[in-house]
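Since the structure comes first, as structure tokens, the remarks are kept for the end.
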Amino acid sequence: MSVDLSSPSDLSCPDCGRTYDAGPDEPWRCDCGHPLEFADRPLPEGPAPDFAEIDTRAGLWAFEEFLPVSSRVSLGEGFTPLQNADTADWSENVQFKLEYVFPSGSFKDRGATTTLSRAAELGVEKVVEDSSGNAGAAIAQYAARAGIDADIYVPADAKESKLAAIERVGATPVRVEGTRQDVTDACIEAVESDDEDSEDWYASHAWNPAFFAGTATFAFEVAAQRDWEVPDAVVTPLGHGTLFLGAYRGFRALKEAGWTDRMPRLLGAQAAGYAPVAEELHGSEASGGDNSVADGIQILDPARKDQILDAVEQTDGDAIALDAEPVADALDRLRRGGFYVEPTSAVAPAALAELRERGVLDRDDEVVVPLTGSGLKG
Ligand SMILES: [Zn+2]
């Protein structure tokens, strides 16, 4: 399928089939309430290239043939290192993908480069996003690179270091009192207000399909770095499913393109007390306990929960919830192993250990685990 990348892809709803023209005033979700997708789903023609034939100078945009967005806003992101884990006895046959090695210090840059590229394609003047952490910093930084204004809605008690990262690149943090949901609600209210002078375009890491087109590149890189041998399983942190669903879509596209021959099992690691997917799969006890360590994935109502459950089903996957203690242990072990990551990153290695303990994964299964955010942000 060939796609004219000079014209932005229209949007369509996978649930009810409505379509919407691309433009700066395009809706952020379908009238039926469902998240929208791109109408175009480009795939490359021809066989998978040898790794040496891939122009890694283009970063993740080396896989532009898979992307329904053209590269306009980039900081050279992508091709993060894939390293043998070697941090504990359970880390045999495990590779870490160092997703904290990105310009803003987290994997969210995969989605920020494609989302701001889409915004630039559409001629958007201002983007808005709601985030308590890495997504806000990534959108702010790529908006700065694009010369596009950005308002980032944050909880009133957000960490000073996160606010500083947003302010120093020229974006505007908008503090909102109340719960994390109140922050999202305030942001959506701004998007939906009819004020003609301020067309706000919702650059949401939970809703915007451009973000998920970007996180799909995780799968392309993993497969390429393993010479197109798909691992048996991928274990990711799971909140809104930004990386989990991106990985699913990426591996699915690779298989459809004939570049790989199978899907990995997709396994999600949630924070206890915030584990709607694990609850759906295993009952309400599965989400028991509390986890204030993994603050990046404390999401009770993921926008794409049905798609996450579908990805679990399609790949013989699973999702489990982790208490604070094993995550804190895994964090300590990671750092002592030389991987200087933030606490939320440790939830996936902690889940891997638990999944092996429970027999969901065998010791000889080859597993890739993304380490999602840098410890340097404080
Ligand atoms: Zn719809």
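Hey, among the residues in the stretch 314-327 that are assigned to a helix (DSSP H, G or I) and over 20 Å from ILE299 (Cβ atoms), which one's farthest from the chain's Cα centre (by Cα)?
If we take residues in the stretch 314-327 being assigned to a helix (DSSP H, G or I) and over 20 Å from ILE299 (Cβ atoms), then GLU325 is farthest from the chain's Cα centre (by Cα).
List every residue pair whose Cβ atoms sit under 7 Å apart, with the two residues 6 or more apart in sequence or on different chains, where the first one lies in the stretch 31-42 and is under 27 Å from GLU65 (Cα atoms) and open to solvent by 60 Å² or more (accessible area, probe 1.4 Å) and the second, anywhere, is within 10 Å of the ligand (Cβ to nearest atom) and not in a strand (DSSP E or B).
none
In this structure, is ARG356 out of contact with any Pro (no Cβ under 9 Å at 6 or more places or on another chain) and at negative phi?
yes
For residues that are within 30 Å of ASP301 (Cβ to Cβ) and more than 23 Å from the chain's Cα centre (by Cα), tally how many sit in the stretch 25-60.
Residues that pass the stated criteria total 3.
When you check GLU357 against the structure, is it open to solvent by 20 Å² or more (accessible area, probe 1.4 Å), modelled with pLDDT under 95 and out of contact with any Asp or Glu (no Cβ under 6 Å at 6 or more places or on another chain), yes or no?
Considered against the rule, which asks whether it is open to solvent by 20 Å² or more (accessible area, probe 1.4 Å), modelled with pLDDT under 95 and out of contact with any Asp or Glu (no Cβ under 6 Å at 6 or more places or on another chain), GLU357 comes out as yes.
Before we move on, is ASP332 loosely packed, with under 15 Cβ neighbours inside 10 Å and charged (D, E, K, R)?
Yes: the conditions hold for ASP332.
For the stretch 239-247, check the following and say yes or no: at least one residue is outside any loop (DSSP other than H, G, I, E, B), in contact (Cβ under 8 Å) with a residue 24 or more places away in the chain, more than 14 Å from the chain's Cα centre (by Cα) and crowded, with 21+ Cβ neighbours inside 10 Å.
Within the stretch 239-247 (the criterion being outside any loop (DSSP other than H, G, I, E, B), in contact (Cβ under 8 Å) with a residue 24 or more places away in the chain, more than 14 Å from the chain's Cα centre (by Cα) and crowded, with 21+ Cβ neighbours inside 10 Å), the answer is no, since none of the residues qualifies.
Does the stretch 45-63 contain any residue that is within 25 Å of GLU125 (Cβ to Cβ) and either in contact with a helix residue (DSSP H, G or I) (Cβ under 9 Å, 6 or more places away or on another chain) or within 16 Å of the ligand (Cβ to nearest atom) (or both)?
Yes: the stretch 45-63 contains one or more residues that are within 25 Å of GLU125 (Cβ to Cβ) and either in contact with a helix residue (DSSP H, G or I) (Cβ under 9 Å, 6 or more places away or on another chain) or within 16 Å of the ligand (Cβ to nearest atom) (or both).
Exactly one of these conditions fails for PHE102: (1) within 27 Å of ASP157 (Cα to Cα); (2) touching a Pro at 6+ places or on another chain (Cβ under 6 Å); (3) in a loop (DSSP other than H, G, I, E, B). Give me its number.
(2)
Select from the stretch 80-133 the residues that are more than 20 Å from GLU199 (Cβ to Cβ), among the acidic types (Asp, Glu) and open to solvent by 10 Å² or more (accessible area, probe 1.4 Å) and list them in ascending order.
If the condition is that a residue be more than 20 Å from GLU199 (Cβ to Cβ), among the acidic types (Asp, Glu) and open to solvent by 10 Å² or more (accessible area, probe 1.4 Å), then ASP86, ASP89, GLU92 are the ones that fit.
Look through LEU267, LEU254 and report the one residue that is under 16 Å from the mean Cα position of the chain (by Cα) and either buried (at least 20 other Cβ atoms within 10 Å of the Cβ) or at pLDDT 95 or above (or both).
That would be LEU267, the only listed residue that is under 16 Å from the mean Cα position of the chain (by Cα) and either buried (at least 20 other Cβ atoms within 10 Å of the Cβ) or at pLDDT 95 or above (or both).
The values are calculated or read from the model by the stated rules, or taken from the named source; none is laboratory data. Values in this document were obtained by computation on a predicted structure and should not be read as measured data. All Cβ positions, glycine included, derive from the backbone under ideal geometry; neighbour counts span all protein chains shown. Surface accessibility is based on the protein's heavy atoms, side chains included, excluding ligands, DNA and RNA. Shrake-Rupley method; radii C 1.70, N 1.55, O 1.52, S 1.80 Å.
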